[in-house]
Amino acid sequence: MPLVLVFLVVLCIGLLVTFNTGQVVGRKVEVTNAADAAAYSIAVEQARARNLAAYLNRGRVANEVAIAQMVSLNSWLTMVHSSSYHFEKFMDVVTALLSWVPGLNAVLAAIDRAMKVLNQALKAFRKTFIPGVNGAIFTLDQVLDNPYSIAARTALSTPASGANILAMARKVVEDNAPGARVTAAGVGVLGANALAASRQLELYNPGQSARNTGGERYRNVVMASRDTFTRARDGTAFGVFHNRGGTDLVDYDRWSGVDTFHFRLPLPFPLGTETFALGWGGTQAVDRRQPPFFPGIDQGRGWLSPYENRRHAAYNGTTRSSISGRFIEGNPAGQEMGFQRRQAYFDGYRTGLTARYHDVKDEFSRTPEGDKAGPVYTVEVGLGIDRVRTSSTLGIGAGRMELRDQARGDEVRAMASAQVYFNRPHEYARFRRSVWGRNDDKFEMGNMFSPYWQARLVETPLADRSILAVAP
C-alpha cells in the first residue's frame, strides 16, 4: 500500500506536469503563429503600400508619355500641313508655267485642287485639335498628376506607415490569439522598424531648377518610357525626300518636339548635296511661356541614357544649324497657314516632374537577398500566464500537489520577423516574361516605379532579438 500510494502520487504529479506542458506548448504555438501572422501581415501591407506608390508614380510616367505623344503629334501635323501648303504653292507656279501643255494642264489643275482641299482640311482639323490637346494636357498634368503624387507620398509617409503597422499588429494578434497582445518592447521595436524603413527611402523634390538629382532620376525614367514615334520620327521616300523629328523632356517642366521635311539634291563631286526645306513644325508643352526650341535637352548635347550607357542626340539629330531648324525657331506653328506662334505652345503643362516623389536609396535593394534587400518588421507577442489553462489556473492540486506557473514577466512570449523586398523575375517563359518579368535578362534594383515588392518571413535580426531579450 505505501508503494502504491507513492506511485499514485508520482503518477498524479506526472499527469499534471504533462497536462501543464501540453497547455503551455499549445498556447506557445498559438502565440508563435500569431507573431508570424502579424509580422507577415505587416510586411504584406507595407509591400502593397510600396506597390501602390509605384503604380501611382508609373501612372504619372504614363501621363508624361501621353503628353509627349500629343506634343509629337501636333509637331508632326504642323510639319505635314507646312509641307502640303508649300507643295500647293509650288503646284500653283508649275500650273501657271505649264498650262499651255495639252493634257498636262488638266492633271496639274486637278493636283492643285486636291492640295487646296487637303490644306483646308488640315487647317480646320488643327484649329480644333490644338485647344482640345491643350485641355487634355491640363487635365493630365493638373487634375491627375498632383493627386497621384500626394497619394503616393501619403502611402509611404512615416506617420501613416507607423500607425498602420501598430494597428495591424494588434488586430492580427488578437484575431489569432485572443487575449494576447503586442508587448511594450515589441511596440518600441516596431516603431524603430518603421523609422528604419523610412530611412531606406529618399523624398526627392525635382523643382524647376536646371539640374538636380531628383529631377534627373525621374526624367531618365520618363525619357526611357517614350514610344518609338515620340523618340524618333524618321522616313525616306525615293531616296531624296527625308523627314526627321523627335520629342524630348528638355527641362523638368517642358516637353519640346520638332519635325522637318526636306529635299536632298545630290550634286556632282565635289559639290556634295544641296538640301531644300519643304516643311517644318514645332510644339512645346510649357507653363505660360514661349522659350526657344534650340539648342534642346542638355544644351544640345542630348540625353545620356544611364540604362543603355549611350547618348541620344537632341531632337533625334535635328539642330538649329539646318535650314529647317532656323525656320522652326522663327515660325514653329506656320504663320503662312493662318496660325500664330503662340499656337505652337500648349500652356496647360504647369507641373511636369516638379512634384515630389519617393524612391529607394541607392545602397538599398540592390539584391533581393540580405538585410539590405528591404525593411524588416519584428513583432513580439505576449500572453499572460494566467490565461493558460494549467492546473494552477484551473485550481487543480493543492499543497504538495500544487504546480506553480512561472514565466518571464508572467507571460508566454514569441517573436517573428518579416521582410519587404523587391524582385522582378526574369526567368519566366517568353510570354510570361513579356507580361510580368524583364525580357532582357537583367536584374532590376528595387525602386518606386515598378510594383514588384513582396513579403516573406525571415530570421529575426540580431539587433531586434537583443532588445527583446533584455526587455522586462
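Quick notes
- Matching residues in segment 239-260 - criterion: being under 21 Å from Ser82 (Cα atoms) and in a strand (DSSP E or B): Phe241, His242, Asn243, Arg244, Gly245, Gly246, Thr247, Ser256, Gly257, Val258, Asp259, Thr260
- When Leu140, Leu166, Leu108, Leu97 are checked against the criterion of being part of a helix (DSSP H, G or I), more than 30 Å from Ser466 (Cα to Cα) and at pLDDT 90 or above, a single residue qualifies: Leu140.
- Applying the criterion of being of a type in the set (Lys, Arg) and part of a loop (DSSP other than H, G, I, E, B) to the residues of segment 274-319, the residue that is surrounded by the most Cβ atoms within 10 Å (Cβ to Cβ) is Arg301.
- Filter result for Asp141 (of a type in the set (Asp, Glu) and under 21 Å from the mean Cα position of the chain (by Cα)): yes
- Test: residue in segment 292-313 that is touching a residue at least 60 places away in the same chain (Cβ under 8 Å), within 17 Å of Gly245 (Cβ to Cβ), of a type outside the set (Phe, Trp, Tyr) and touching an Asp or Glu at 6+ places or on another chain (Cβ under 8 Å): no
- Per-region count, segment 347-362, residues out of contact with any Lys or Arg (no Cβ under 7 Å at 6 or more places or on another chain) and over 12 Å from Gly215 (Cα atoms): 7
- Condition met for Thr236 (at pLDDT below 95, closer than 30 Å to Thr351 by Cβ and either hydroxyl-bearing (Ser, Thr, Tyr) or part of a strand (DSSP E or B) (or both)): no
- Among the residues making up segment 302-334, those that are farther than 22 Å from Arg219 by Cα and touching a helix residue (DSSP H, G or I) at 6+ places or on another chain (Cβ under 8 Å) are Arg320, Asn331, Pro332, Ala333, Gly334.
- Scanning segment 204-233 for residues that are surrounded by 14 or more Cβ atoms within 10 Å (Cβ to Cβ), in contact with an Asp or Glu (Cβ under 8 Å, 6 or more places away or on another chain) and part of a loop (DSSP other than H, G, I, E, B) yields a count of 2.
- For Phe125, the stated conditions hold: it is in contact with a helix residue (DSSP H, G or I) (Cβ under 8 Å, 6 or more places away or on another chain), exposed (fewer than 13 other Cβ atoms within 10 Å of the Cβ) and either polar (S, T, N, Q) or in a helix (DSSP H, G or I) (or both).
- One residue stands out among those in segment 144-165 that are more than 19 Å from the chain's Cα centre (by Cα) and either surrounded by 16 or more Cβ atoms within 10 Å (Cβ to Cβ) or among the aromatic types (Phe, Trp, Tyr) (or both): the one that is farthest from Ala197 (Cα to Cα), which is Asn164.
The values are calculated or read from the model by the stated rules, or taken from the named source; none is laboratory data. The shown structure was predicted, so the numbers you read here are calculated from the model rather than taken from an experiment. Note that we place each Cβ from the backbone using ideal geometry, even for glycine, and neighbour counts take in every protein chain shown.
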